[in-house]
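Reading through the structure tokens given below for one structure.
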Amino acid sequence: MAIDINIGSKLDGKGFKQADTAITKLNKGTKNLARNFGLALGTAAILSFGKASVKAFAEDDKAATALGTTLKNLNLAYGSNIGTVNGFISRLELQTGVLDDELRPAMDRLLRATGDVTKSQELLGLALDIAAGTGKSLTQVSQSLQKAYLGQNQALGRLGVGLSKAELTSSSFEEIQQRLSVLFAGQATAAADTYAGSLNRLAVAGNNAKETIGKGLVDALTVASNSTSTDDLIKKIDAASASIANFLRETGKFIAITKSIFKFELFATDPTAFKGMGNISTSKSSQDTQKADAAAKKAAAAQIKATNTLTKSTKENLKLTKAKAIFDLQKIQIEAALKGKISEEERIRLKLMQAIEDENISQIEKYTKMLDDAQKNTEKLVSTLAGIKPLDDVFKNWNFMGVKEQLASLQSYFNGFAGSAASAFNALNQQQQAALGGYKPFVGASIPSVAPTNPSMPSSVGLGTSGTGNQLPAGVTINVNTGIGDPNAIAEAIDDVLTQAINRGTIRNNILNAI
Amino acid sequence: MRVKVEGVKQTRKAIRQFAPDLNKELNQELRIALAPIAKKAKGFVPSDSPMSGWAGRSFSEAKFPMFNARTIRSGIGFTTKQGRTTRSGFISNATIYNKSVAGAIYETAGRANNGEGQPWVGPKAGGASKKVSRSVNPNAGTKFIENLGPLTSSLKGRGRLILKAWAQDQGKAYGAAIKAIDKAERKFYDRSKTTTFSKAA
């Protein structure tokens with residue numbers, strides 16, 4: 001990817017000029033070609049029209065047959081009813097400029113929904129008005145009307161007919177139909193009177209002419225080609241178009257037949273030709289139609305009755321359910337439990353129970369999933385807790401017993417020391433004892449006249465064998481084997497022993513300061 | 001003999017072949033007009049990546065092109081040669097370009113979605129569209145664009161490097177370039193009235 005700023009861009013017209021020249025040459029060439037093969041092209045055009053006419057007739061005939069079959073299936077094909085409906089379609093086609101190719105399927109659709117010829121005719125008229133007013137296709141409008149008739153009123157909302165969602169939801173189809181009839185009154189007729197409408201009507205006339213010609217061609221070709229059916233004939237025409245020679249031979253026959261058809265005076269004398277609207281009333285139904293309407297009305301009444309019964313039953317069931325809910329102890333208990341102080345998992349369980357009671361599938365699924373998750377989380381927590389090892393005893397390696405033993409030994413030593421000192425003191429005569437003053441256990445100590453600044457005992461003084469009198473060994477070193485342990489605990493233990501010694505009078509009070 | 005050359009491409013070709021001195025003069029004038037824009041655009045390239053995560057690394061780990069100021073700067077330049085004819089039939093006489101991928105990203109990021117990045121769908125979303133953000137961070141796109149700084153609007157589009165430089169030039173370079181091209185063409189045709197052309201060696 002690169003970003004460019006193009007400067008001084010100009011249109012390079014050379015390529016365009018070349019293309020223009022090439023097209024001009026091509027046009028000239030095509031015209032010459034057309035001039036040379038004019039006869040062939042004309043023949044092909046006639047043949048093409050012939051094929052299209054045959055196809056149009058076949059499709060029209062198929063649609064008419066399908067409509068007739070629907071009427072038969074709905075038990076509405078009384079007498080000439082099929083002809084009446086087809087006649088109605090033909091009239092509508094000419095009036096509105098909408099092709100019967102669209103009208104017939106629409107009518108067919110409405111007939112299947114309503115099961116009533118008159119109602120279908122009404123709705124088809126309405127559909128034409130709506131289609132003309134909204135610009136939607138007749139197929140789309142008739143489908144929406146069919147759905148609305150069957151209870152799906154929302155389908156009409158999508159057509160943009162100017163009805164609110166609330167109106168569509170709350171109104172019956174009859175009310176909606178009435179409203180739409182007012183909203184779109186005369187739209188189809190007005191549209192047909194416009195220039196575009198006139199063109200459409202001309203197109204309809206042209207299409208009908210094509211179908212009529214097609215019918216004539218089919219009849220003629222069937223005779224000429226010994227075909228058994230229209231499909232067979234179409235296949236033969238297709239085959240004919242593959243071979244030019246065969247094509248031209250067949251075309252000769254077609255032209256002869258077509259010429260005789262285009263003699264317009266034939267229309268007047270041909271008993272099967274189009275004769276106008278006939279004596280079919282546009283305002284009053286025929287006896288057959290009336291008979292069919294009566295049957296449809298009866299069926300509709302039965303359907304309405306069944307629907308009403310079902311609605312009543314549903315309403316009663318609903319009331320019963322509501323009444324039951326008031327005294328449903330289970331639900332009350334769940335509701336009460338939910339108001340208490342409960343854990344999240346308990347709350348989910350209760351909600352699930354509530355949903356089961358209410359038979360609310362979506363809520364049941366929701367809370368089942370939540371409960372599953374909660375249980376999985378609990379299991380995970382339990383597993384995590386099980387994996388946690390208790391804290392090790394930080395004092396387990398401490399040699400407390402060793403310290404205690406050592407302290408006991410120390411205590412025993414001091415006790416012995418006190419005994420030795422006392423014995424030594426007792427061995428002195430009275431004067432010697434008096435000379436010692438307050439320092440009874442220590443032999444040989446001189447009593448200073450002024451209190452010494454350093455009260456510690458001189459290293460040369462003590463109990464032992466090498467002094468004057470009985471002396472203790474000078475420079476006593478006491479090793480305390482405490483092992484590894486808390487220094488504070490050890491110090492406190494030593495302090496405790498020394499304090500006890502002071503209290504017993506076997507050690508001077510200020511020895512601690514000297515340490 | 002009066003010379004009539006059809007087409008922009010052919011005119012430049014004719015100038016190049018039959019009046020090389022004019023061609024040289026034209027290229028020189030175009031260079032004088034366009035070089036300051038390219039130089040200025042190179043100056044807009046930050047020396048360091050606007051985000052540490054976009055900075056180049058010693059090892060390659062992603063397909064997304066990493067920011068490298070040197071690569072981006074070397075990718076910015078201009079050419080006085082004619083471009084190719086576009087599908088709509090236009091041909092350019094000179095071009096300022098920003099051809100490195102990282103440079104193009106720095107230039108244009110944030111233009112399409114008004115500075116908000118591509119719509120976020122996350123890494124687990126299906127499809128293969130490249131028009132959506134699949135980052136784990138929903139705000140990655142927006143933050144990326146924010147860090148790059150604002151886009152500058154010019155008549156050729158919004159951008160941060162060459163388009164910003166183009167906007168700041170306010171059409172001076174464009175005027176000079178067009179004038180140079182017109183002058184060369186005019187001189188060529190004027191000369192054709194008085195001189196007999198022969199193809200340059």
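Here B:G117 meets each of (1) within 20 Å of the chain's Cα centre (by Cα); (2) open to solvent by less than 40 Å² (accessible area, probe 1.4 Å); (3) more than 12 Å from chain A (Cβ to nearest Cβ) with one exception, condition (1). Filtering the stretch B:7-27 to residues that are away from every other protein chain (no Cβ under 14 Å) and among the charged types (D, E, K, R) leaves B:R16, B:D21, B:K24, B:E25. Output yes when any residue across the stretch B:149-165 is away from chain A (no Cβ under 14 Å) and either open to solvent by 60 Å² or more (accessible area, probe 1.4 Å) or at pLDDT 85 or above (or both), and no when none is. Within the stretch B:149-165 (the criterion being away from chain A (no Cβ under 14 Å) and either open to solvent by 60 Å² or more (accessible area, probe 1.4 Å) or at pLDDT 85 or above (or both)), the answer is yes, since at least one residue qualifies. Can you give me the number of residues within the stretch B:101-110 that are at the interface with another protein chain (Cβ under 8 Å from one of its Cβ atoms), buried (at least 21 other Cβ atoms within 10 Å of the Cβ) and under 10 Å from B:F67 (Cα atoms)? So the answer is 1.
Taking the numbered list (1) touching an Asp or Glu at 6+ places or on another chain (Cβ under 8 Å); (2) without any contact (Cβ under 8 Å) to a residue 24 or more places away in the chain; (3) surrounded by 18 or more Cβ atoms within 10 Å (Cβ to Cβ) in turn, B:F90 passes all entries but (3).
Does B:T95 satisfy the criteria of being within 11 Å of another protein chain (Cβ to nearest Cβ) and polar (S, T, N, Q)? Taking the combined requirement at face value, the residue satisfies it. Within the stretch B:63-83, the set of residues being more than 16 Å from B:T108 (Cα to Cα) and facing chain A (nearest Cβ under 10 Å) comprises B:F78, B:T79, B:T80, B:Q82, B:G83.
Selection within the stretch A:423-433: residues that are open to solvent by 40 Å² or more (accessible area, probe 1.4 Å) and modelled with pLDDT of 75 or more. The member of this set that is nearest to A:V497 (Cα to Cα) is A:S423. Taking helices (runs of 4 or more DSSP H) as the structural unit, those lying wholly within the stretch A:113-187 and holding at least 2 residues that are open to solvent by 20 Å² or more (accessible area, probe 1.4 Å) and touching a residue at least 24 places away in the same chain (Cβ under 8 Å) correspond to A:117-134, A:138-149, A:173-183. Counting only helices (runs of 4 or more DSSP H) that fall entirely inside the stretch A:235-353 and contain at least 2 residues that are under 30 Å from A:K366 (Cβ atoms) and either at pLDDT 80 or above or open to solvent by 60 Å² or more (accessible area, probe 1.4 Å) (or both), the qualifying elements are A:287-326, A:329-339.
The values are calculated or read from the model by the stated rules, or taken from the named source; none is laboratory data. Here the structure is a predicted model, which means the values were calculated and not measured. Because the Cβ atoms are built from the backbone with ideal geometry, glycine has one as well, and the counts that use them run over all protein chains shown. Heads up: the accessible areas ignore ligands, DNA and RNA and are worked out on the full protein's heavy atoms, side chains in. Shrake-Rupley method; radii C 1.70, N 1.55, O 1.52, S 1.80 Å.
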